[in-house]
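Working notes, beginning with the structure itself.
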Amino acid sequence: MIRLALLAALAWTAAAQKKDLLFHASFDQGVDAGVARGDKRLHTATSYQKRDDAKPGLHNPDIEIAPGAGKFGGALRFKKKNTKAVYYPAEGNVNFKSGSWDGTISFWLSLDPETDLEPGFCDPIQVTDAAYNDGAIWVDFTKDDKPRHFRLGVFGDLNKWNPKNVPSDKNPAFNNRLVVMKKTPFAKGQWTHIAISHKGLGTGKGTATLYVNGAAVGTTETIAEGLEWDMSKAAIRLGVGYVGLFDELSIFRRPLSAQEISKLYNAKKGLQ
């Protein structure tokens, strides 16, 4: 009876996750997402500040699909420091709501930050309509720490939390918002799972939790400011300054529990 109950619970969890899955890009057959509630196509542009030349598809010779190199199947390989805009449109593919926004972002990375990354900050993912400090969710590798730290940043509208636009390196309020992992498991030839589970963003009581390899690293302080987006500009940005492999990007409409994230990490075939 216990075994049957456990199997039923696992099946219910899988069904619930499937229902709540908004977006999934496996990079097995190409760059277009296999599951999308909005535009499934990857786009490339000169920069995020200049997207007039944006067009669907991967148009950067320094980024490629690497068949068989992923955590599961293929992966997206960033061969050199990426300085172009490479993104999926966020509209429909994230559960953004102006007032209370919940969700989970999940993906896998494979790199050695100390030898693969080039100088400067590196953000494997940013979800925003403007910038890293203005209505944004991201993770990054720091530029000056030895070894590099891995951080989660979540910010509401810039004009509300930092109305004078004080530069980040001179603003304690910026660093106080981050979840920082100083000793990380990243290594060459090894895959690391990242999940960001957030709830209540825009309510004045929002929080987000960073998970690495199925374990919680930490939760942000309460995010007190509002969060408004121009959905025509909102994007799921990939590989900002990144060098390495990126695989299995999934976005859910709700904050997955610690147990569900652990199951994602331990799944033998990923979301298949």
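Observations
- Packing-based order for 131-144, 182-195, using average beta carbon neighbours within 10 Å, highest first: 131-144, 182-195
- Take 148-154, 167-173 and order them by the average number of nearby Cβ atoms within 10 Å per residue, most first; the result is 148-154, 167-173.
- At an R0 of 25 angstrom, the distance between the Cβ atoms of ASN159 and MET231 translates into a FRET efficiency of 0.85.
- Length-normalised contact order for the stretch 31-90 - Cα pairs under 8 Å, 6+ apart - percent: 37 percent
- Proximal lysines to LYS79, defined as alpha-carbon separation beneath 22 angstrom and excluding residues fewer than eight positions away on the same chain: LYS55, LYS71, LYS143, LYS188
- Diffusion coefficient of the chain by Stokes-Einstein, Kirkwood radius over Cα pairs, 25 °C, 0.890 mPa s: 130 µm²/s.
- The stretch 32-129 pair-distance distribution - Cα-Cα, 10 Å bins, rounded %: 12, 41, 37, 9, 0
- Residues in the stretch 187-215 that a label on THR222 would reach, taking backbone N under 12 Å of a point 7 Å out along Cα→Cβ: 203-207
- Trypsin sites (Lys or Arg not before Pro) restricted to the stretch 23-111 and DSSP loop, no more than 10 other C-beta within 10 Å: LYS50
- Were the residues from VAL166 through THR83 laid out at 0.36 nm apart, the gain over their Cα-Cα distance would be 27.4 nm.
- Using distinct alpha-carbon pairs, which all enter the 1/r mean, Kirkwood radius of the stretch 189-272 in Å: 14.8 Å
Rule-based calculations on the coordinates, nothing more; no lab input. This one's a predicted model, so the numbers in the text were calculated from it and none came from an experiment. Cβ atoms come from the backbone with ideal geometry, glycine included; neighbour counts cover every protein chain shown.
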